[in-house]
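Have a look at the structure below, then the notes.
The values are calculated or read from the model by the stated rules, or taken from the named source; none is laboratory data. Here the structure is a predicted model, which is why all the values come from computation and not from measurement. Because the Cβ atoms are built from the backbone with ideal geometry, glycine has one as well, and the counts that use them run over all protein chains shown. Just the protein is used for accessible areas: all its heavy atoms, side chains included, with ligands, DNA and RNA removed. Shrake-Rupley method; radii C 1.70, N 1.55, O 1.52, S 1.80 Å.
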Amino acid sequence: MDFTEKTKDSELIYDGVVLHAYRDTVVLPDGGESVREYVRHNGAVCIVPLTDDGHVVLEKQYRYAVGRELTEIPAGKLDSPDEEPLAAAVRELKEETGATAREMEYIGDYFGSPAIMGEKISMFVARGLTFGERDLDDDEFLDFFEMPLEEAVEAVLKGEITDGKTQAGILRAAMMKK
């Protein structure tokens, strides 16, 4: 069976700086109709930076939407829908941690909430890190630190690291090392 839903009409209901919300009427696979409300987003990247001694570089950052500080891997949005994810990953890693990587390996895509969000996060592992000066955005406040990858995996499994992209990135990076 083809589960594709076809757009009958689409209405932009909110046009923000980062988020663009739509309400679409769709034709369902059985011919019926339904409404889908969702957010379009340019996309983003996240990076699992691994040091030569097996540590992952993590960040502590306050997230307003959830009202608390989270531990995350470096990440950021694409500047435009046409920006190459690798270029964005190189930029975000440098901005947030000051690191440049000898090697950036694409490890897949992550969709955090695909029922309502169109944001695709392209995931990378960075190796061969060299650290220099950070260049945070004006509204960005974060600290970074290192943790052994095995401890980061344990923190994910114990529920201490709750950010979805960070969980997926750390677990993927750990499985790739084996």
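Miscellaneous remarks
- Volume in Å³ per residue [convex hull over Cα atoms, computed for the stretch 112-153]: 157 Å³
- All alpha carbon pair distances within the stretch 1-42 were sorted into 5 Å bins beginning at 0; the resulting P(r) in whole percents reads 6, 25, 24, 19, 13, 9, 4, 1.
- Magnitude of the charge dipole, the chain, Cβ model with Lys/Arg +1 and Asp/Glu -1, debye to 20: 480 debye
- Counting all C-alpha pairs of the chain, share separated by more than 22 Å (%): 50 percent
- Taking a straight line from the alpha carbon of residue 177, these lysines sit under 29 Å away, with near neighbours fewer than eight places off in the same chain left out: 60, 77, 94, 120, 158, 165.
- Element breakdown for the chain at a 1.4 angstrom probe: carbon and sulfur atoms account for 51% of the accessible area.
- Here the simple spin-label model places points 7 Å from the Cα toward Cβ, and for residue 3 and residue 25 these points are separated by 2.5 nm.
- Under the Karplus curve 6.51 cos²θ - 1.76 cosθ + 1.60, θ = phi - 60°, whole-Hz ³J(HN,Hα) for the stretch 146-155, x wherever Gly or Pro sits: 10, 9, x, 4, 4, 5, 5, 4, 4, 5
- Summarising the amide proton neighbourhood of residue 48: residues at separation of 5 or more, or on other chains, whose placed amide H is nearer than 5 Å comprise 124, 125, 126.
- Relative contact order for the chain: 22 percent, from Cα pairs under 8 Å spaced at least 6 residues apart, divided by residue count.
- Here the Kirkwood formula puts the hydrodynamic radius of the stretch 1-89 at 16.5 Å, using every distinct Cα pair.
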